[in-house]
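Working notes for the structure below.
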Amino acid sequence: MVDFAGWEMPLLYRSIVDEHEQTRRSGSIFDVSHMGRLAFSGPDAQRFLDHVATRHLGDQVVGQSRYSLVCNESGGVLDDVIVSRDDSDWIMVCNAGNHDKLVRYFTEVRSQTNYDVDIADNTESTGMVAIQGPKVIDKLADLLPIDLRGLKRYHFETTSVMLVRLTVFRSGYTGEDGVEIVLSARVAGMMMKMIGGSMGKPDATIKPAGLGARDTLRLEAGMPLYGHELSETMDPLSAGLGWAVDLKKEFIGADSLRAIERHGLRKKLVGLELDGKRIGRQRSVVMKDGQSVGEVTSGTFSPTLHKSIAMAYVGVEHAAEGTNVSVDLKGTMIPANVVKLPFYKKPTT
């Protein structure tokens, strides 16, 4: 157990590699109750969210979720979030480390504008788990009273099991299929035992997994992590997240992002494959012809690919797939190649 943004969180239960492979092969359950859960309601809830989020939300239908970003005026990322439209309100899931900052920020924006919107913080009154892996949907489809197999990715449905209200989102942060479930904190433990089944058995379909495997899984899937690939000094266009930015609409930071697009990117987020087994840690310098051309943001030894992989920001002139670079690991130059993200995609059936 480790402290993470003020929460006591499981780093691992057995081993990071075992939990990683269990997720890719079958299924794992992750306690992600530390992530912020905010609700927006009132006449101007949608207009307010369109003002603070980079993604166009106006045509979002009830039961649909969208990945988006919240930026500052200079286009830096305050957080990356999932925004979901429910019957009576909008739900936002944010990163634990940015929860307090976002609540303050949204409160300030509301006070400076005329938007009639109520903001409720449901983080501590609810629990949230992510159940991920190729066998998860079939396992849960027999337990949950919804058409889980027919539920599209980035859509959700609210149901009840034994009088317990569950909101089931078909989304996740591992590169695998699966769901994220939000429910009352009071009954979360009981419900997870029912849904997870006999997780202690060696052949269990679903087993618990911690933050360590969550990080190696998301890195293989090329998914950004706030504080690594995203920050208040990094813009979403350079991070390859232009698909989640609608520059045709007005939102906080839009003018700065339009200027970045107009003048062209100076650096881009890329994937790197390193020779050997040494890991490129955050802030390791990327070199080309003896010159610094970038910096590693995240790295690991991929349990799935059996390669040392990393994400890094490099100058755009060195961002082409196949470019040969080196990573400075405490004075040792490790050869590396720029590769296309993501490193891993789940097999299609």
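The values are calculated or read from the model by the stated rules, or taken from the named source; none is laboratory data. Treat the numbers as computed from the prediction; the structure is a model and nothing was measured. Neighbour counts run over all protein chains shown; Cβ positions are idealised from the backbone, glycine included.
Overview of values
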item: 3 or more residues farther than 23 Å from Thr216 by Cβ and of a type outside the set (Asp, Glu): qualifying strands (runs of 3 or more DSSP E) within region 271-336; result: 291-302
item: Output for region 213-263, where each listed residue is in a loop (DSSP other than H, G, I, E, B) and more than 21 Å from His56 (Cβ to Cβ); result: Ala221, Gly222, Met223, Leu225, Gly227, His228, Glu229, Ser231, Glu232, Thr233, Met234
item: Residue list for region 114-145, filter: at pLDDT below 95 and under 29 Å from Glu232 (Cβ atoms); result: Asn114
item: Failed item, numbered, when Thr23 is tested on (1) buried (at least 16 other Cβ atoms within 10 Å of the Cβ); (2) out of contact with any Asp or Glu (no Cβ under 7 Å at 6 or more places or on another chain); result: (2)
item: Extreme residue, surrounded by the fewest Cβ atoms within 10 Å (Cβ to Cβ), among residues of region 138-155 that are over 22 Å from Val61 (Cβ atoms) and aliphatic (A, V, I, L, M); result: Leu143
item: Top-ranked residue in region 47-73 [being among the small types (Gly, Ala, Ser) and more than 19 Å from the chain's Cα centre (by Cα); ranked as nearest to Ser88 (Cα to Cα)]; result: Gly63
item: Candidate set from region 225-268 (those that are of a type in the set (Lys, Arg) and touching a residue at least 12 places away in the same chain (Cβ under 8 Å)); member that is surrounded by the fewest Cβ atoms within 10 Å (Cβ to Cβ); result: Lys248
item: From the options Gly97, Gly75, residue that is farther than 22 Å from Gln46 by Cβ and part of a helix (DSSP H, G or I); result: Gly97
item: Test set (1) farther than 24 Å from Pro236 by Cβ; (2) among the charged types (D, E, K, R); (3) surrounded by 15 or more Cβ atoms within 10 Å (Cβ to Cβ) - Asp275 fails condition number; result: (3)
item: Residues (part of a loop (DSSP other than H, G, I, E, B) and of a type outside the set (A, V, I, L, M, F, W, C)) located in region 39-72; result: Gly42, Pro43, Asp44, Thr54, Arg55, His56, Gly58, Asp59, Gln60, Gly63, Asn72
item: Residues of region 74-102 classified as over 18 Å from the mean Cα position of the chain (by Cα) and within 18 Å of Leu237 (Cβ to Cβ), total; result: 2
item: Any hit, region 78-88, residues being more than 18 Å from Thr54 (Cα to Cα), at pLDDT 95 or above and among the hydroxyl-bearing types (Ser, Thr, Tyr); result: no
item: Inter-residue pairs, beta-carbon under 8 Å, first without any contact (Cβ under 8 Å) to a residue 60 or more places away in the chain and in region 177-190, second of a type in the set (D, E, K, R), 6+ apart; result: Val179/Arg170; Leu183/Arg165; Ser184/Arg165
item: Residues of region 327-349 that turn out to be surrounded by 10 or more Cβ atoms within 10 Å (Cβ to Cβ) and under 22 Å from the mean Cα position of the chain (by Cα), as a count; result: 8
